[in-house]
Amino acid sequence: MTQSAGDFRQEARAWLEANAPASLRGRRRGRFDGHWGGRKAAEPEADVRRWLDACLERGWTAPTWPAAYGGGGLTKDQGEVLEEELRRLALPPPVVGFGLTMIGPTLLDFGTEAQTREHLPAICRGEVRWCQGYSEPGAGSDLASLQTRAVRQGDHLLVNGQKVWTSHADASDWIFCLVRTNTAVKKQAGITFLLIDMASPGVSVRQIPLISGASPFCEVFFEDVRVPLENVVDRVDKGWTVAKALMQYERTMIGEAMGGVLSAVEGELVGLARRHLGQPEGQLSDPAVRDQIARNAMDSACFALTLTRLQQAAEAGQPPGSESSILKLCASELKQRRYELAVEIAGYDGLGWEGAGFDEGSLSLTREWLRSRANTIEGGTSEIQLNVIAKRVLGLPD
Ligand SMILES: Cc1cc2nc3c(=O)[nH]c(=O)nc-3n(C[C@H](O)[C@H](O)[C@H](O)COP(=O)(O)OP(=O)(O)OC[C@H]3O[C@@H](n4cnc5c(N)ncnc54)[C@H](O)[C@@H]3O)c2cc1C
């Protein structure tokens, strides 16, 4: 008999109470505020290591993955309960990264047994960090136009070309990559999905500096890189289907991660308005601010319900489909509106970049506001999500 959600919640609470280090409670700010791991990462502080090891033993660094690959074998519902309990204690996830959210689930759907056995346990242990090699200088929204070339030579593919906007490539160990293996067919039909060890001879990474001084972005260059044929996911020239499936996981992940941020919206905005309008209690006097906060809160509540509905559909055994574009579009647009409003309410304090004149909260607000501008670009722009929704969800003609 399967355990009820209530029983599982009690069990998870008791386990977290016994195993989560006190110093980590209250530390979590977002779903990606955890240990990214990988071979290039510094050894984490002792409590983070202890937390990771305890979760690993239970399979709870990847709670819903099969136990055979290092996961916890939980149902999607149980995974959600565990996530709620982590949030309740504001505990950072033990491991975070594109391994867990993107390539792992994709390998569970499309990988060979050898690929899943090689890569999934290492992701669960936080030993290998992954990055995403999709975009190229001439292929962003029109991803299928990508030109990085892979030519078969015996038992391997020889890869030449360039990727761009590859987040955290400099800190990553492996890259999942789209390459062109056929130029004689329709562009989507000549793409292969490849797993490439970034320590392979011929792979080089260059950071792209940003005006802020901090940048996750890199360019990745491939010069005669030999990649064994075993690293092809699914089949040569069939990578477009795998690529689209991964993007659905990516868009769901972005939508879900933002859902967590948005659920705190109303209280935070009201608190911000009280502080900046100098009204510690009672009704906020500015009707325009009241109206905008209420709209944002209602939209966030609608989003939370949509997210729950789509998560329930996933529980019924369906992987995320094109509906993931709805999540990605709504969450990123809503988050952007929320930060616009927050910065407007904060007035002068919402414009601080550095310096003693601004407190930490104000500086972080400015940075989060600017970061939210990128949310409607990464993982496919809003216009592209609208195109997907029009074609694949609503069935509208081209
Ligand atoms: C924070 C961040 C992290 C990223 N991380 C990664 C990563 O790790 N790996 C990776 O591979 N990529 C990454 N990217 C790149 C991202 O996927 C691309 O920036 C995105 O797909 C858009 O491509 P582009 O920048 O080439 O813009 P373009 O495709 O040139 O688009 C320019 C503008 O034209 C519009 N447009 C284009 N085509 C259409 C159309 N058919 N209909 C309507 N409007 C259209 C777009 O919406 C956009 O407004 C990241 C981007 C950001 C911002």
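The values are calculated or read from the model by the stated rules, or taken from the named source; none is laboratory data. Fair warning: this is a prediction, and the values are worked out from it, not measured in the lab. Cβ placement follows ideal geometry from the backbone for every residue including glycine, while neighbour counts extend to all protein chains displayed.
A few comments on the model shown:
Matching residues to (1) in a helix (DSSP H, G or I); (2) in contact with a helix residue (DSSP H, G or I) (Cβ under 8 Å, 6 or more places away or on another chain):
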position: LEU210; (1), (2): no, no
position: PHE222; (1), (2): no, no
position: ARG226; (1), (2): no, no
position: TRP240; (1), (2): yes, yes
position: TYR249; (1), (2): yes, yes
position: ILE254; (1), (2): yes, yes
position: ARG275; (1), (2): yes, no
position: PRO280; (1), (2): no, yes
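- Among the residues of segment 25-37, at least one is within 16 Å of the chain's Cα centre (by Cα) and closer than 25 Å to GLY321 by Cβ.
- Selection status of ALA342, at pLDDT 90 or above, hydrophobic (A, V, I, L, M, F, W, C), in a helix (DSSP H, G or I) and away from the ligand (no atom under 15 Å from the Cβ): yes
Here's the yes/no breakdown for (1) outside the structural domain of GLU256 (by TED's automatic domain parsing); (2) among the hydroxyl-bearing types (Ser, Thr, Tyr); (3) surrounded by 20 or more Cβ atoms within 10 Å (Cβ to Cβ); (4) more than 14 Å from the ligand (Cβ to nearest atom):
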position	(1), (2), (3), (4)
ALA331	no, no, yes, yes
ARG338	no, no, yes, yes
TRP353	no, no, no, yes
ALA356	no, no, no, yes
ASP359	no, no, no, yes
ILE377	no, no, no, no
LEU386	no, no, no, no
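Okay, residues lined up against (1) charged (D, E, K, R); (2) crowded, with 21+ Cβ neighbours inside 10 Å; (3) at pLDDT 95 or above; (4) outside the structural domain of PHE98 (by TED's automatic domain parsing):
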| residue | (1), (2), (3), (4) |
| --- | --- |
| GLN115 | no, no, yes, no |
| ALA139 | no, no, yes, yes |
| VAL179 | no, yes, yes, yes |
| GLY190 | no, no, yes, yes |
| LEU210 | no, no, no, yes |
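- Every residue from segment 283-311 that is under 20 Å from ARG392 (Cα atoms) and either surrounded by fewer than 18 Cβ atoms within 10 Å (Cβ to Cβ) or out of contact with any helix residue (DSSP H, G or I) (no Cβ under 8 Å at 6 or more places or on another chain) (or both): THR306, ARG309
- Residues that are within 16 Å of the ligand (Cβ to nearest atom), out of contact with any Ser or Thr (no Cβ under 8 Å at 6 or more places or on another chain) and within 14 Å of TRP60 (Cβ to Cβ) within segment 71-104 comprise just one, VAL96.
- Looking only at segment 105-131, and only at residues there that are closer than 17 Å to ILE196 by Cβ and touching a His at 6+ places or on another chain (Cβ under 9 Å), the one that is nearest to the ligand (Cβ to nearest atom): CYS131
- Only a single item in (1) closer than 26 Å to SER382 by Cα; (2) crowded, with 17+ Cβ neighbours inside 10 Å is not met by LEU195, and it is number (1).
- The residues of segment 132-175 that are in a loop (DSSP other than H, G, I, E, B), away from the ligand (no atom under 11 Å from the Cβ) and under 30 Å from GLY70 (Cβ atoms), listed by number, are ASP155, ASP173.
- For segment 83-104, the condition of being in a helix (DSSP H, G or I), modelled with pLDDT of 95 or more, outside the structural domain of TRP174 (by TED's automatic domain parsing) and surrounded by fewer than 17 Cβ atoms within 10 Å (Cβ to Cβ) holds for none of the residues.
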